[in-house]
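Worksheet: one structure, shown below.
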Amino acid sequence: MLNERIELQECLELDARDPLQDFRSKFALAETGAIHFDANSMGAMPKEVPQRVAWMLNEGWRNLGRQGWAKLDWLDKPKMLGAGIAHLVGSEPEDLIVCDNTSINLYKLLSYAWGIRQSGHVLLTESKHFPTDIYIAEGWIKTLKEYGVDAEIKFADSHQQLLDSLNKDVAVVNVSYVDYRTSLRWDMANLMNKAKEVGALVVWDISHAAGAVKVDLMGNEADFAVGCGYKYLCGGPGAPAYLFIHPKHQNKKWPSIAGWMGHFDVFAFADRYQPNPRIISQTTGSPVIISNEIFAAAVDVWKKVSVEEMDSKHESLTSLFHHLILQECGSLGADMTSPATHTNAGGHVSIRHQGAGPVSEALLEHGVVSSFRKPDSIRFGISPLYHSHQDILNGVQRLRKVLSDEIWKEERFQKVSV
Ligand SMILES: Cc1ncc(COP(=O)(O)O)c(C=O)c1O
């Protein structure tokens, strides 16, 4: 494919053969007609959302009020939502729940993993990990030290350096399956095997993969995973996050936050805590009813999506993007920085350009939403559900115009939003 020129006709043919083409109609895309290559930040809104939220507010809140707890499925939603997206990440339905946010879930799982580890005093993580992952890990180690526990955090600058740092001192490893800047994807099987050899447990942040590319948590015997609901999964602004615990690690100790929703018998209002024996013990307080209803609209879509088709559509869209950047923008100072091989990359593609910030601003005015990351990177989050091959062509051609006509150099694009 790299040797030949790709035109609109070929993109239309690819779209006509796309087994997921009907899913685009399940989403309310931006009224401006802009192409939102922003799925790595906030996925699109499922069409059913306004109607479902209106129903929840009127029937659930206004009419049923407190009875909603008993008459509607509010309490079961964390389990139901988890079960509905489990196939996307290679989990059994009962081993994944939707609750809280990714930062809180990270805290819960890092501390839980620490409690059930076999040995070691080091928390090994990546120096370029997403900030909240680093902060939560730092905070956990600081707390342990303040309590007099021998604990240390260590950072690796690359996948290889992290693998080389694995030894018996390592208790817990915390990594992003896909890097939020470069889109570089870990070889999950390799890291899991190496971690097992030294008895370390791994907590994966799969935010930039779930709902875009195939993740196989059980197939790779992953220990723990967390991720955001609002990105590729389209759970809505501020959507709750998800967490996965391999069944062999469940019910090994109390959750770090022993909230009432994780109690064995929530409405017994028992005087003492008794954890639910399953992953539901990791829920904390009241579920976010309205947000869960929004997420449920997306989950109803995801339930009908084959993970294999999702993965191969994503591969097709992103390899087209790579090809077109070379074809349309190769001589204009834009280079691909995300990995070209599908199995090495996650949900977004990224390019490098010296004027990345102003280019991203100018793209907005040309109907393309992307995200700028300092110093010189632009990310395009690609959704296999609502993006088409034609979108990719249109997006890259608009980028070419912004670059070739030097539109990005205009004064009004120099003030850059992040
Ligand atoms: C990899 C990754 N982890 C965690 C987060 C933040 O998650 P939350 O705001 O749900 O705590 C983000 C946000 O973009 C992210 O990209």
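The values are calculated or read from the model by the stated rules, or taken from the named source; none is laboratory data. In this text, all values refer to a predicted model and were calculated from it rather than measured experimentally. Reconstructed Cβ throughout: ideal geometry from the backbone, glycine too, with neighbour counts over all protein chains shown.
Name the single residue that is nearest to Asn105 (Cα to Cα) among those in region 268-309 being of a type in the set (A, V, I, L, M) and in contact with a Pro (Cβ under 6 Å, 6 or more places away or on another chain).
Only one residue fits best here, namely Val288.
Can you find a residue that is basic (Lys, Arg), part of a strand (DSSP E or B), closer than 18 Å to Leu110 by Cα and away from the ligand (no atom under 16 Å from the Cβ) anywhere in region 185-201?
Scanning region 185-201 turns up no residue that is basic (Lys, Arg), part of a strand (DSSP E or B), closer than 18 Å to Leu110 by Cα and away from the ligand (no atom under 16 Å from the Cβ).
Among (1) out of contact with any Phe, Trp or Tyr (no Cβ under 7 Å at 6 or more places or on another chain); (2) at pLDDT 95 or above; (3) closer than 30 Å to Met261 by Cα; (4) assigned to a helix (DSSP H, G or I), which single condition is Gly84 missing?
(1)
Just to be sure, is Asp300 surrounded by fewer than 18 Cβ atoms within 10 Å (Cβ to Cβ), at pLDDT below 95 and charged (D, E, K, R)?
no
May I ask you to say which residue of Ile134, Ile116 is assigned by TED's automatic domain parsing to the domain that holds Ile280 and buried (at least 17 other Cβ atoms within 10 Å of the Cβ)?
Checking each option against the conditions leaves just Ile134.
Hey, does region 61-76 have a residue that's in a helix (DSSP H, G or I) and within 16 Å of the ligand (Cβ to nearest atom)?
No, that holds for no residue.
Listed here are the residues, each with its yes/no results for (1) in contact (Cβ under 8 Å) with a residue 40 or more places away in the chain; (2) over 30 Å from Phe23 (Cβ atoms); (3) surrounded by fewer than 24 Cβ atoms within 10 Å (Cβ to Cβ).
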| residue | (1), (2), (3) |
| --- | --- |
| Lys194 | no, yes, yes |
| Val226 | yes, no, no |
| Cys234 | yes, no, no |
| Ala258 | no, yes, yes |
| Arg272 | no, yes, yes |
| Ile290 | yes, no, yes |
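Within region 148-205, which residues are within 30 Å of Ser370 (Cα to Cα) and charged (D, E, K, R)?
Matches in region 148-205: Asp157, Asp179, Arg181, Arg185, Asp187, Asp205.
Which residues, counting only those in region 28-44, are at negative phi, outside any strand (DSSP E or B) and more than 16 Å from the ligand (Cβ to nearest atom)?
Leu29, Ala30, Glu31, Thr32, Ala34, Ala44
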